[in-house]
Amino acid sequence: MILRCRRGTPEEAVTDIERLLQENGVRTVRSPEARRPILAVLDKLPGGLAEELAASPHIEERAAPAKGAFRQVSRAFQDEPTVVRIGKLRIGPGHPCAVIAGPCSVEGRARVLENAHRVKEAGAHMLRGGAFKPRTSPYAFQGFGVEGLRQLKDAGEAVGLPVISEIMDAAHVPAFVDQGIDCLQIGARNMQNFTLLKAVARAGRPVLLKRGLAATVEEWLLAAEYLMEGGCTQVVLCERGIRTFETATRNTLDLTILPLLRQWTHLPVVVDPAHASGIATLIPTLCRASVAAGADGLAVEVHLEPAIARSDGPQALLPGELKQVVAEARILSSLFG
Ligand SMILES: [Mn+2]
């Protein structure tokens, strides 16, 4: 349950409500919302307490979350949508569509630097690159690890872009922080790795949380709830396609949930049509559809020579194609935003 106080409720009245709940063994969390005090009630209310709260002149509304266990991710927990801050970049409503681009894998210092220059020239806002790669086959390229993080960060700094990379292991959090990785990505396969979610939440960095390939929206938002419960308020959701009966494409891009997420959560949403489709020629069209459906950002992969990419070459855009995607996203987000 979420308790929404009237605007202008005095602070003492709010702390009285918090104390009353605490004395009854009920935990609460205060929303960062500035316009009015909002409390998420984490535990079940004991008998009689609900009536007592209902009688309070300070509580305007007792909102039920869209799904039972949602609390801090709930739309009702914040009147204002969350705008995630990554350096100078802003991801969320009211800001231009954020484009995250770069190679699937960091493939060496010179290559990632060249890629970064082309991504920057194309107008993208954040450089991506995998250093720890979750590959289906153990024989496929696994990434350069910490050295890859260092090369990615150096490339980002050289062109003035923040960087994002996937973290697969809770033990790697200090390495990501030490290397200055600006945004930590939780990949689709780790969406419900709760130990990882808890560790990443404490890293004090923005997090991009990909939807699991077989995860419902409820499971996905509860994974985001883990991050928020752990103290991370800067969470970006990323739809990257789900596994269906269809085999013509790598996954099936689920844009249906974009307007639904707007109703259920205040968190911003980015769409990754590259991993959803797996086919580079489909990506520009899917980018347009994503922005039209309300995406706050796009995540795509770029390679200068896709034929020799060490991973995901078939879904890599060329720099010129990225430039077109960025230009169209800017126009469409101003039209629909
Ligand atoms: Mn990839």
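The values are calculated or read from the model by the stated rules, or taken from the named source; none is laboratory data. The model shown is predicted, which means the values in this text are computed figures rather than measured ones. So basically every Cβ, Gly included, is an ideal-geometry build from the backbone, and we count neighbours across all protein chains shown. Each accessible area value is taken on the protein alone, full model and side chains, heavy atoms only, with ligands, DNA and RNA left out. Shrake-Rupley method; radii C 1.70, N 1.55, O 1.52, S 1.80 Å.
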Tell me, please, whether a residue that is of a type in the set (Gly, Ala, Ser), under 21 Å from VAL84 (Cα atoms), touching a residue at least 60 places away in the same chain (Cβ under 8 Å) and part of a helix (DSSP H, G or I) can be found in segment 217-225. yes
Considering segment 193-214 alone, what residues qualify as being open to solvent by less than 10 Å² (accessible area, probe 1.4 Å) and among the hydrophobic types (A, V, I, L, M, F, W, C)? LEU196, LEU197, VAL200, ALA201, VAL207, LEU208, LEU209
Return only the number of the condition from (1) β-branched (Val, Ile, Thr); (2) assigned to a helix (DSSP H, G or I); (3) in contact (Cβ under 8 Å) with a residue 12 or more places away in the chain; (4) out of contact with any Phe, Trp or Tyr (no Cβ under 8 Å at 6 or more places or on another chain) that VAL291 does not satisfy. (4)
Take the residues of segment 12-36 that are exposed (fewer than 14 other Cβ atoms within 10 Å of the Cβ) and small (Gly, Ala, Ser): which is farthest from the chain's Cα centre (by Cα)? GLY25
Scan ARG250, ARG240 and give me the residue that is within 16 Å of the ligand (Cβ to nearest atom), closer than 28 Å to ALA116 by Cα, at pLDDT 95 or above and within 19 Å of the chain's Cα centre (by Cα). ARG240
Are there any pairs with C-beta distances below 7 angstrom linking a residue in segment 257-285 that is over 18 Å from ARG128 (Cα atoms) to a residue that is buried (at least 20 other Cβ atoms within 10 Å of the Cβ) and of a type in the set (Lys, Arg), with the two at least 6 apart or on different chains, and if so which? SER277/ARG250
Does segment 81-131 hold any residues that are crowded, with 23+ Cβ neighbours inside 10 Å, outside any strand (DSSP E or B) and within 13 Å of the ligand (Cβ to nearest atom), and which are they? PRO103, CYS104, VAL106, GLY129, ALA131
Out of segment 179-192, which residues are open to solvent by 50 Å² or more (accessible area, probe 1.4 Å) and under 27 Å from VAL99 (Cβ atoms)? ARG189
